Amino acid sequence: MPAQQVEISLRIPQVKEALKDDSGYPINNNDVRFIRSINVSSLPKPGDSIKLSARGPQPFLGTVMQTRWDDGKEMFVVACRYSLKSISMPLYLALMGDPDWTRKPLLQL
């Protein structure tokens with residue numbers, strides 16, 4: 001089967017060493033998703049682990065929560081969550097700085 005392009009929508013947990021915003025409040029990662037397109041050999045199903053990467057640290061695993069077709073994007077969107085309870089500062093900074101990942105707030109004000 002040929003590779004298929006999907007969009008990853010990654011939910012990450014809090015950073016081990018809490019980052020603060022400009023107001024001094026901890027940054028809440030529950031309100032954002034990290035988005036990127038990747039090629040997969042087969043469509044992942046809920047419960048599957050998927051290997052992801054960001055520039056910098058080693059690859060990491062995401063757990064697939066949902067796979068759904070998006071008519072507007074004409075591709076599957078794979079909702080994942082980071083597989084561990086907290087994320088390291090180096091990996092968080094790698095995600096933030098990687099141009100392949102887009103940080104998207106869930107609520108647009």
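Each value in this text was obtained by applying a stated rule to the coordinates, not by laboratory testing. All values reported here derive from a predicted model rather than from experimental measurement. Every residue, glycine as well, gets a Cβ built from its backbone with ideal geometry; the counts of neighbours run over all protein chains shown.
Which distance in Å, rounded to a whole number, links the C-alpha centroids of the stretch 48-85 and the stretch 1-44?
8
Return the sequence-ordered ³J(HN,Hα) values of the stretch 37-52 in whole Hz as given by the Karplus equation 6.51 cos²θ - 1.76 cosθ + 1.60 applied to θ = phi - 60°, using x for Gly and Pro.
9, 9, 9, 10, 7, 9, 5, x, 10, x, x, 5, 9, 10, 7, 10
Dipole magnitude of the chain about its Cα centre, charges +1 at Lys/Arg Cβ and -1 at Asp/Glu Cβ only, in debye to the nearest 20?
Dipole about the Cα centre, nearest 20: 280 debye.
Relative contact order for the stretch 1-66 using alpha-carbon pairs under 8 Å, separation at least 6, rounded to a whole percent?
33
Too long at a 23 Å Cα-Cα cut-off: which of Lys16/Lys73; Lys51/Lys104; Lys51/Lys85; Lys45/Lys85?
Listed pairs above 23 Å: Lys16/Lys73.
May I ask you to work out the translational diffusion coefficient for the stretch 4-105 at 20 °C, viscosity 1.002 mPa s, via Stokes-Einstein with Rh from the Kirkwood sum over Cα pairs, reported in whole µm²/s? Present the calculation step by step, with values, prior to reporting the outcome.
Numbers: Rh = 14.1 Å.
Once the numbers are plugged in, D ends up at 151 µm²/s.
Using DSSP, restrict attention to beta bridges with both residues in the chain and report what percent are antiparallel, rounded to the nearest 5. The partial results should precede the final answer.
Details: 24 of 31 bridges.
Restricted to the chain, the bridges split so that about 75 percent are antiparallel.
Could you calculate the contour length gain from Asp100 to Asn30, that is, 0.36 nm times the residue separation minus the distance between their Cα atoms, to one decimal place in nm?
Here the segment from Asp100 to Asn30 would lengthen by 23.2 nm.
May I ask you to evaluate 6.51 cos²θ - 1.76 cosθ + 1.60, the Karplus curve with θ = phi - 60°, for each residue of the stretch 10-16 and list the ³J(HN,Hα) values in order in whole Hz, giving x for glycine and proline?
9, 9, 10, x, 5, 6, 3
Pull up all non-local amide H partners of Ile27: gap of 5 or more, or a different chain, and H-to-H distance under 5 Å with H placed in the peptide plane.
It is Leu19, Lys20, Asp21, by chain and number.
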